[in-house]
Amino acid sequence: MSLSTITPWVVGNWKMNPLQTDAQTLLRGVKDLLESTPISAEKCHLGVAPVAIALTQVEAEMASAVRPVYTVAQDVSRIAGMGAYTGEVSAELLADSGIGYVLVGHSERREIFGESREILNTKIKNALNAGLTVIYCVGESLEQREAGQAEAVVLQQICDIAAVVEAEQWKNIVIAYEPIWAIGTGKTASPEDAQAMHAQIRQGLKQITGYGETTAILYGGSVKPENAVELAACPDINGALVGGASLNAESFHKIAQAFANTQ
Ligand code: PEP
């Protein structure tokens, strides 16, 4: 049993996958499993982050699930409102489509798309102001870990957003610690290492924001059914951001069960 009173979250990050028909099969698979083997909403928040063009399809499909499954955007524009910004989707437009959650700061966005601290802060500010909940991803590279800088890098990433998050907005922030070297590699941080970093993040959040006690801190990086139980048993790991394993309904459901069972 976890000592935490924070309801865990299990969020599937589909990234740039799958095809529409496979997405439909996946969603129906998750819905069927939630019906045959229920996971109480009080014990675990669930979310799915599809590609932008599937957001409303996921929202519509999951509206008939036996329990809430949140639709999470993988990205949001740094431009607020509406206007002549070809290709962009603002926080207001997400909210207008009934999307209440968004990932910001994923290492793939930081690294491949060059999203800087300034860009991420603008996205977070816009998302919070539009009433969205932000799942803010942090994490160090292998090089940084091997140089003994992991903790400093991650705490700096937390400090980075403190300037734009108002005191009353911290309740709408979820942190996802995702060591970059563990994403999509099959390598997972050991439960001990992950717990140690989560405890540091919580301590940092308390000092920087005063909200560490109630902020959910998810782990991400090759989470699968085989390692979810051990990770879920760590007192400061309040859920998982799941990439590859979320593309399989059974794996996603098993990971959610692992976290729900710690409550
Ligand atoms: C992710 O991209 O957020 C992630 C954790 O991916 P994976 O589970 O595939 O490592």
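Read the figures in this text as sums done on the coordinates, not as results from a lab. Keep in mind that this is a model prediction, so the values were computed, not measured. Glycine also receives a Cβ, built like all others from the backbone with ideal geometry; neighbour counts cover every protein chain displayed.
Would you point out which residue out of K187, K206 is away from the ligand (no atom under 16 Å from the Cβ), over 20 Å from G47 (Cα atoms) and either of a type in the set (D, E, K, R) or in contact with a Lys or Arg (Cβ under 9 Å, 6 or more places away or on another chain) (or both)? I'd like the intermediate steps shown before the answer.
Details: K187 fails: away from the ligand (no atom under 16 Å from the Cβ).
Exactly one residue qualifies, and that residue is K206.
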*Which of (1) in contact (Cβ under 8 Å) with a residue 24 or more places away in the chain; (2) part of a helix (DSSP H, G or I) is the odd one out, the single condition D236 does not satisfy?*
(2)
*For the stretch 167-184, how many residues meet the condition of being within 16 Å of the ligand (Cβ to nearest atom) and part of a helix (DSSP H, G or I)?*
3
*State which residue is surrounded by the most Cβ atoms within 10 Å (Cβ to Cβ) when the search covers only the stretch 193-219 and only residues that are without any contact (Cβ under 8 Å) to a residue 12 or more places away in the chain and more than 27 Å from Q74 (Cβ to Cβ).*
A196
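Please count how many residues of the stretch 53-81 are in contact with an Asp or Glu (Cβ under 7 Å, 6 or more places away or on another chain) and surrounded by fewer than 16 Cβ atoms within 10 Å (Cβ to Cβ). I'd like the intermediate steps shown before the answer.
Pass one, the stretch 53-81, residues in contact with an Asp or Glu (Cβ under 7 Å, 6 or more places away or on another chain): 66, 71, 77, 79-81.
Imposing the further condition that a residue be surrounded by fewer than 16 Cβ atoms within 10 Å (Cβ to Cβ) reduces the set to 66, 81.
Here the count works out to 2.
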*How do the helices (runs of 4 or more DSSP H) wholly within the stretch 74-129 filter down when requiring 1 or more residues that are away from the ligand (no atom under 16 Å from the Cβ) and not polar (S, T, N, Q): which remain?*
91-96, 117-129
